[in-house]
Amino acid sequence: MDYFLTEEQQELQNLARKVAKEKVAPVAAHHDQTGEFPWDMVKLFAELDFFRICIDFDYGGMGGGVTELSIITEELSRACGGIALAVAGTALGIFPIIICGNEEQKKRFLPEVADGKKLAGFGLTEPEAGSDAGAIKTRAIRKGDKYILNGKKHFITNGGVAGLYTVVALTDPSKGSRGASAFIVEDGTKGLSYGKKEDKMGIRASATTELIFEDCAIPAENLIGREGQGFIVAMKTLDKSRPGVAAQALGIAQGAFDLAVNYARERQQFGQSIISFQAIQHMLADMATQIESTRALIYSTAKYIDSGGKDFSKESAMCKVLAGDVAMKVTTDAVQIFGGYGYMRDYPVEKFMRDAKITQIYEGTNQIQRGVIAQRIIREGASKSK
Ligand code: COS
């Protein structure tokens, strides 16, 4: 299929695909087994300018958007969905600054991220506020020229390895989600510490920790937008980042599919390669169809967003639902094609199935996405489409 990528986008795709195959794939199993953070890969991605992609030229970036982020994330995830998150999780962490930050904040924080000197993370979720993001309890109290943060953020991608975090906290708890505000918190700020590194089922190359705020004082100028806008900042951020998560799921599905096709060609049973059996052929045909339709939705949504499209919550949610569910189905079928070998850790395919699962859960569960889609359908009416 031709997604009418520009010449630059095609070059980026070819580069990311090559890097994924030659550099990421050989170390994927190591990071999966050890859970060691892939600093070597981060260094390489920085040298290749991958952290610049969705940052404006004015701040050291390459002026790309959701399309470029999706291209890189898809390609890297074909080799390892966890390692790809160093880039995708950083994009999520800086989106609040890109979308709602002021000029001063963009100049101050984005160039170091663009240069790959600092990773970023996004802190919304709390132990008691997952799907119900409006139920956060972390407090931010203004004292003079500082905000003092107290509370905990949970399951934070790039936790403990990022140089800065965008965090949502309540400045006025009496107003619920309308009393939330978004802040930039730098690593090393007194009062910010990290919980234990989570021992996860999949995406084990990615670091996930708690962020713990204990009288953590940050400069008042680190407030993103105005007080009370934090929930909206978070929702706008998620609208923009969900196609990227979908691209991660898509890459994971494609990676598992490629392995399954190769294995089906090689594996001999009943005196012939199993790809000659219709049962296997139909599985592969369904997998390929699901992957391609997911790719079509992601890249058309990304293009719509990058071309200045307004209100794309529904389309972003659709990308996330479709891609997460397809990744789970395709990776499970890939394990099935490998049979007993697929269940063994000696073979790479089971990792794709473990990595796929999170894409139905994080950045809003697929149940929440269906809720977002349904709300928009109710609001817009049955037949309206963009
Ligand atoms: N863009 C802009 N504004 C939005 C918005 C969006 N996509 N979605 C909601 N808002 C606004 C609403 O318009 C409303 O504004 P007003 O208070 O001015 O009316 C406000 O935000 C609250 O919206 P709503 O009432 O719909 O919020 P809910 O508490 O019902 O929550 C869901 C809505 C469930 C969609 C939200 O909590 C959510 O996305 N949860 C999942 C969170 C998530 O993805 N977590 C993953 C961790 S972050 S990696």
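The values are calculated or read from the model by the stated rules, or taken from the named source; none is laboratory data. This one's a predicted model, so the numbers in the text were calculated from it and none came from an experiment. Neighbour counts run over all protein chains shown; Cβ positions are idealised from the backbone, glycine included. The protein model used for the area step is the full one, side chains on, heavy atoms only, and it has no ligands, DNA or RNA in it. Shrake-Rupley method; radii C 1.70, N 1.55, O 1.52, S 1.80 Å.
The table below gives the values:
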{"item": "Selection from region 260-279 of residues that are touching a helix residue (DSSP H, G or I) at 6+ places or on another chain (Cβ under 8 Å) and surrounded by fewer than 20 Cβ atoms within 10 Å (Cβ to Cβ)", "result": "VAL261, ARG265, ARG267, GLN268, SER273, ILE274, ILE275"}
{"item": "ASP333 open to solvent by 20 Å² or more (accessible area, probe 1.4 Å), charged (D, E, K, R) and within 25 Å of the chain's Cα centre (by Cα)", "result": "yes"}
{"item": "Residues of region 197-209 satisfying the condition of being surrounded by 23 or more Cβ atoms within 10 Å (Cβ to Cβ), out of contact with any helix residue (DSSP H, G or I) (no Cβ under 8 Å at 6 or more places or on another chain) and in a loop (DSSP other than H, G, I, E, B)", "result": "ALA207"}
{"item": "Single match in LEU85, LEU110 (criterion: in contact with a Gly (Cβ under 7 Å, 6 or more places away or on another chain), not assigned by TED's automatic domain parsing to the domain that holds VAL185 and not hydroxyl-bearing (Ser, Thr, Tyr))", "result": "LEU110"}
{"item": "Residues of region 116-134 classified as more than 8 Å from the ligand (Cβ to nearest atom) and either among the charged types (D, E, K, R) or closer than 18 Å to LEU238 by Cβ (or both), total", "result": "8"}
{"item": "Any hit, region 313-323, residues being among the polar types (S, T, N, Q), within 16 Å of the ligand (Cβ to nearest atom) and out of contact with any His (no Cβ under 7 Å at 6 or more places or on another chain)", "result": "yes"}
{"item": "Any hit, region 290-309, residues being modelled with pLDDT of 95 or more, open to solvent by 20 Å² or more (accessible area, probe 1.4 Å) and more than 30 Å from PHE95 (Cβ to Cβ)", "result": "no"}
{"item": "Only listed residue being without any contact (Cβ under 8 Å) to a residue 40 or more places away in the chain, within 16 Å of the ligand (Cβ to nearest atom) and assigned to a helix (DSSP H, G or I), chosen from GLN375, GLN369", "result": "GLN375"}
{"item": "Matching option when the condition is at pLDDT 95 or above, within 14 Å of the ligand (Cβ to nearest atom) and under 29 Å from TYR299 (Cα atoms), among ARG226, ARG242", "result": "ARG242"}
{"item": "Output for region 174-210, where each listed residue is within 14 Å of the ligand (Cβ to nearest atom) and on the phi > 0 side of the Ramachandran plot", "result": "GLY176, ILE203"}
{"item": "Complete set of residues in region 137-157 that are more than 10 Å from the ligand (Cβ to nearest atom) and among the hydrophobic types (A, V, I, L, M, F, W, C)", "result": "ALA140, ILE141, ILE148, LEU149"}
{"item": "Strands (runs of 3 or more DSSP E) wholly inside region 82-196 that include at least 3 residues being modelled with pLDDT of 95 or more and open to solvent by less than 10 Å² (accessible area, probe 1.4 Å)", "result": "120-123, 146-157, 164-170, 180-186"}
{"item": "Boolean, VAL66 is of a type in the set (A, V, I, L, M, F, W, C) and more than 23 Å from LYS320 (Cβ to Cβ)", "result": "no"}
{"item": "Matching option when the condition is modelled with pLDDT of 95 or more, assigned to a helix (DSSP H, G or I) and over 31 Å from the mean Cα position of the chain (by Cα), among ALA260, ALA279", "result": "ALA279"}
{"item": "ALA234 vs. criteria in a helix (DSSP H, G or I), within 16 Å of the ligand (Cβ to nearest atom) and among the hydrophobic types (A, V, I, L, M, F, W, C)", "result": "yes"}
{"item": "Residue within region 7-19 that is among the hydrophobic types (A, V, I, L, M, F, W, C), at negative phi, assigned to a helix (DSSP H, G or I) and under 16 Å from the mean Cα position of the chain (by Cα) present", "result": "no"}
{"item": "Filter pass, THR73 being open to solvent by less than 10 Å² (accessible area, probe 1.4 Å), out of contact with any helix residue (DSSP H, G or I) (no Cβ under 9 Å at 6 or more places or on another chain) and either of a type outside the set (D, E, K, R) or within 22 Å of SER181 (Cβ to Cβ) (or both)", "result": "no"}
{"item": "Tabulated pairs, region 343-356, first surrounded by fewer than 24 Cβ atoms within 10 Å (Cβ to Cβ), second among the acidic types (Asp, Glu), C-beta under 8 angstrom, 6+ apart or interchain", "result": "TYR343/GLU350; MET344/GLU350"}
{"item": "Pairs with Cβ under 6 Å, 6+ apart, first in region 214-239 and closer than 10 Å to VAL168 by Cα, second part of a loop (DSSP other than H, G, I, E, B) and open to solvent by 30 Å² or more (accessible area, probe 1.4 Å)", "result": "VAL233/GLY225"}
